[in-house]
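The structure appears right after this line, and notes come after that.
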Amino acid sequence: MNQHDLDVLDEIQRRVLWLATRIVDAANHDRDTGDGVKVGGHQASSASLVTAMTALWIAHLDAADRVAVKPHASPVFHAIQYLLGNLDRSYLTRLRARGGLQSYPSRTKDPDEVDFSTGSVGLGAAAPLFAAATRRYVDAHFGPRPRSRFIALIGDAELDEGNIWEAVADPATTGLGDVMWLVDFNRQSLDRVVPGVRINQWRGQFEAAGWHVVEVKYGRRLAAAYARPGGDALRDWIDAMPNEQYQSLFGLAGPALRKQFLDGAPEAVAAFIADIPDDELGPLVTDLGGHDLAALLDAYAQCDAVTDRPSVVFAYTVKGWGLPIAGNPRNHSALLTTEQVDALRAAHGLTAQTEWDRLDPATAAGIRAGERREALSRVPRERALGVAVPETTRVRANKPISTQEVFGRVLVDLARDPQVGRYLVTTAPDVATSTNLAGFINKTGVFAPTAQRSWNEDRMLRWTESPAGQHIELGISEMNLFLLLGQLGLAWDLSGQPLLPVGTVYDPFVLRGLDAFLYGTYSGSRFVVAGTPSGITLAPEGGAHQSTITASVGLELPGVTFVEPAYAVTLDWLLCDALGQIAAGSPPPATAAPTEDGAYYFRLSTRPLDQAPFEAARARLGDAVLRRQVVAGAYRLVDAHQAYPHLADAPVVQLAASGAVLPEVLTAAAELAEEGIAAHVVDITSLDRLYRAWQRTLRQGVRTATVPSVPGALRSAFDDRAPVVTVHDAASHAMAWLGSALGVPAVPLGVDEFGQSGSVAELYELHDLLPGSIVNAALAALTLRR
Ligand SMILES: Cc1ncc(C[n+]2csc(CCOP(=O)(O)OP(=O)(O)O)c2C)c(N)n1
Ligand SMILES: [Mg+2]
């Protein structure tokens with residue numbers, strides 16, 4: 001790039017700096033929210049990345065490239081999109097306003113095209129790595145797409161997050177030559193100047209993981225000074241200087257700066273800088289490469305040239321670059337005063353009339369922006385898969401069987417489906433076999449970028465690794481599981497190929513990956529995850545492996561439909577339905593109504609259940625009606641009036657339960673009948689869908705000031721007069737709302753303590769889940785009736 005082009009880029013980056021700063025300023029000073037809550041925004045963190053981002057968008061990226069932007073640099077992203085003509089001017093004064101620019105880049109809520117949501121530091125950094133792993137999979141199975149570079153712009157303190165290193169270390173992310181991370185190495189986090197000099201440690205960690213590391217440390221002025229005789233001493237001194245000392249220089253000028261800079265320095269350094277005037281010394285020693293356009297473009301080119309492994313660029317930057325708060329250790333959330341903004345506006349040659357203008361299209365900068373807009377424009381992508389997932393598979397269960405086993409069998413059956421099979425992709429964090437994915441793996445193989453020789457012949461499990469494999473095996477990192485699932489579910493957008501992603505994880509460890517789970521669904525991703533085995537029904541495994549709060553978590557997660565089937569056919573129907581919904585490609589939950597489905601969370605068990613009670617209900621209701629109810633969230637497994645006609649005038653109670661505890665509930669219903677009480681048994685297949693149905697009618701009532709009705713999904717399964725006992729191998733709280741929804745007394749039974757080892761019966765006894773306790777709870781519920 002010649003000097004003229006660099007000058008044009010420089011002009012553009014100055015306007016980007018101004019706009020990014022002013023966008024935050026306007027949010028805080030031009031708008032009265034009337035609520036006294038600080039609006040906030042990050043001018044210093046934004047300024048830090050202005051050069052690197054200008055260089056990327058104005059001189060490096062192609063339309064196919066995908067970029068994650070550090071959360072606190074969202075104003076820079078929007079400023080660039082505005083200058084490219086991709087964002088309406090009205091948004092510039094609406095950062096952090098409702099319907100305006102989101103505080104942190106959001107795929108689903110921002111008006112311009114954000115590739116990766118960011119916000120929870122660390123996750124946005126890792127997401128492009130998994131998007132690249134997804135692309136590698138897509139290319140191997142469906143033919144190569146136009147090349148994309150997957151880029152993450154990350155804060156240096158983000159490297160403290162463990163998930164970064166879990167992602168870097170996983171074999172599933174090795175060798176991804178299209179990945180570039182750019183670390184905004186401003187040596188400051190939120191609270192402080194990052195202690196010491198950590199670059200060597202980080203470099204070593206990346207290199208050990210097989211990454212290509214580039215440092216962009218010095219700007220041209222410093223590089224020229226180093227090249228002069230004696231310059232080595234200056235370089236050595238700056239390289240060795242702790243971050244705290246270096247950072248303190250930004251607040252100083254004149255002799256004070258010289259004194260601080262030389263504190264502890266060898267004599268040769270003092271001699272070398274002796275003839276540099278005071279007013280030039282500060283700009284010289286703080287001339288860092290992360291603000292040198294040519295140096296950055298050169299680093300990007302170096303990364304392009306390395307195609308067999310991911311690259312990371314450490315760009316040394318100044319937090320608050322070009323602003324009066326530059327380098328100040330307290331600048332993370334600092335806002336420029338109105339006077340400082342006025343001075344900055346004038347320094348940028350702008351006025352109150354011209355401050356929001358785009359680049360003049362008649363100038364070289366304006367022409368460049370227009371060219372880049374063209375070069376970066378993208379074609380719309382198709383969300384739907386265009387294949388029909390069957391409503392049911394051929395999986396049959398004649399003997400007692402667990403939901404975990406059925407799950408594996410349904411997947412094997414779907415893998416054989418000529419339409420659907422090739423789009424299924426499974427993944428697990430080293431628990432594929434113990435969560436029953438072995439059948440699927442035997443059928444489809446394990447994915448590896450190149451075919452691997454198999455050293456073991458195992459008749460039960462054929463672990464064949466090749467580019468045709470459809471299972472992506474991960475190391476034990478639940479964060480990586482959810483990050484990968486999130487990106488597989490966005491493959492339609494980021495890789496031009498919709499997929500049907502299915503992950504498995506031990507249910508308690510869903511919590512271990514929870515933030516990444518949220519990250520994926522907040523990003524609008526759709527996938528299936530099975531938490532299995534779950535609950536204290538995993539009896540001998542003990543408290544460390546028994547999940548209790550996951551049902552509540554599943555219920556409450558937005559953009560996730562929580563399902564907990566008990567019987568083989570219900571699971572088959574629900575899983576086919578979930579995959580069918582994903583294949584149909586309805587809009588992501590975050591943009592659609594909050595009641596729409598997004599991802600699906602199946603909570604499963606290893607307890608074999610007798611299928612006869614279900615078959616009885618099936619005979620009674622018929623498949624068409626039953627399937628509709630199962631998918632809607634609940635059906636009456638036992639109808640007391642039909643099962644016990646002699647109890648027509650008896651008191652009625654209803655026992656509602658999900659999953660593994662249903663045998664105890666059925667026994668309790670039979671015992672109650674012996675005591676002259678008619679007990680319906682309701683199998684809740686999706687507590688989440690019931691809750692949403694209830695909320696829908698409630699909110700409708702609240703908004704229109706009308707009496708809310710009991711929603712259909714509840715009405716078809718429940719009696720709205722009989723008291724209810726809820727029984728769940730999960731925290732009792734998750735189902736406790738049912739009484740309110742039905743307007744009847746409710747007694748919730750569940751597991752509200754840490755688990756422990758034992759037999760199923762022993763543990764059920766401890767938590768009042770045995771039939772006797774359920775009977776007593778039913779009697780209590782009846783006495784609570786008014
Ligand atoms: C998971 C998570 N923890 C904490 C925060 C709050 N937080 C936001 S920025 C930040 C410091 C980031 O420092 P760095 O990554 O160096 O960014 P920069 O210096 O560029 O602002 C912290 C702690 C967050 N956003 N996400
Ligand atoms: Mg930082």
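The values are calculated or read from the model by the stated rules, or taken from the named source; none is laboratory data. Just so you know, these numbers come straight off a predicted model, no measurement behind them. For neighbour counting, all protein chains shown are included, and Cβ atoms are generated from backbone atoms with ideal geometry for every residue, glycine included. Note: areas computed on protein heavy atoms with side chains; ligands, DNA, RNA excluded. Shrake-Rupley method; radii C 1.70, N 1.55, O 1.52, S 1.80 Å.
Okay, here's what the table says:
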item: Lone unmet requirement of (1) within 16 Å of ligand 1 (Cβ to nearest atom); (2) in a helix (DSSP H, G or I); (3) in contact (Cβ under 8 Å) with a residue 24 or more places away in the chain for F206; result: (1)
item: Single residue of A63, A68 found to be buried (at least 24 other Cβ atoms within 10 Å of the Cβ) and on the phi < 0 side of the Ramachandran plot; result: A68
item: Helices (runs of 4 or more DSSP H) (entirely within the stretch 575-659) containing at least 3 residues that are farther than 23 Å from L414 by Cβ and modelled with pLDDT of 95 or more; result: 612-621, 640-643
item: Any hit, the stretch 15-31, residues being closer than 21 Å to L376 by Cα and open to solvent by 30 Å² or more (accessible area, probe 1.4 Å); result: yes
item: Selected residue (criterion: farthest from V313 (Cα to Cα)) from residues of the stretch 152-171 that are surrounded by fewer than 22 Cβ atoms within 10 Å (Cβ to Cβ) and more than 16 Å from ligand 2 (Cβ to nearest atom); result: P171
item: Qualifying residues in the stretch 630-666 (those that are within 42 Å of the chain's Cα centre (by Cα) and open to solvent by 30 Å² or more (accessible area, probe 1.4 Å)) - the one farthest from V751 (Cα to Cα); result: A632
item: Candidate set from the stretch 97-151 (those that are within 16 Å of ligand 2 (Cβ to nearest atom) and in a helix (DSSP H, G or I)); member that is nearest to D32 (Cα to Cα); result: G124
item: Residue list for the stretch 758-773, restricted to those being open to solvent by less than 60 Å² (accessible area, probe 1.4 Å) and under 15 Å from A730 (Cα atoms); result: V760, L763, Y764, H767, L769, L770
item: Whichever residue in the stretch 209-225 is touching a residue at least 24 places away in the same chain (Cβ under 8 Å) and of a type in the set (A, V, I, L, M) and, among such residues, is nearest to ligand 2 (Cβ to nearest atom); result: V216
item: Flag for G496 being on the phi > 0 side of the Ramachandran plot, open to solvent by 10 Å² or more (accessible area, probe 1.4 Å) and either in the same structural domain as L579 (by the TED database) or among the β-branched types (V, I, T) (or both); result: yes
item: Pair list, Cβ under 9 Å, 6 or more apart: the stretch 35-54 residue without any contact (Cβ under 8 Å) to a residue 12 or more places away in the chain, other residue away from ligand 2 (no atom under 16 Å from the Cβ); result: K38/N28
item: Some residue of the stretch 334-350 being within 16 Å of ligand 2 (Cβ to nearest atom) and either assigned to a loop (DSSP other than H, G, I, E, B) or modelled with pLDDT under 95 (or both); result: yes
item: Selection status of L461, in the same structural domain as F407 (by the TED database), open to solvent by less than 60 Å² (accessible area, probe 1.4 Å) and at pLDDT below 95; result: yes
item: Residue that is nearest to H332 (Cα to Cα) [pool: residues in the stretch 170-203 that are away from ligand 1 (no atom under 13 Å from the Cβ) and touching a Ser or Thr at 6+ places or on another chain (Cβ under 9 Å)]; result: M180
item: Cβ pairs under 9 Å, 6+ apart, first in the stretch 184-199 and within 19 Å of G122 (Cβ to Cβ) and assigned to a loop (DSSP other than H, G, I, E, B), second among the aromatic types (F, W, Y) and more than 7 Å from ligand 1 (Cβ to nearest atom); result: N186/Y316; N186/W321; R187/Y246; R187/Y316
item: Only one of V269, V193 that is touching a Phe, Trp or Tyr at 6+ places or on another chain (Cβ under 9 Å), within 16 Å of ligand 2 (Cβ to nearest atom) and either open to solvent by less than 30 Å² (accessible area, probe 1.4 Å) or within 30 Å of A133 (Cβ to Cβ) (or both); result: V193
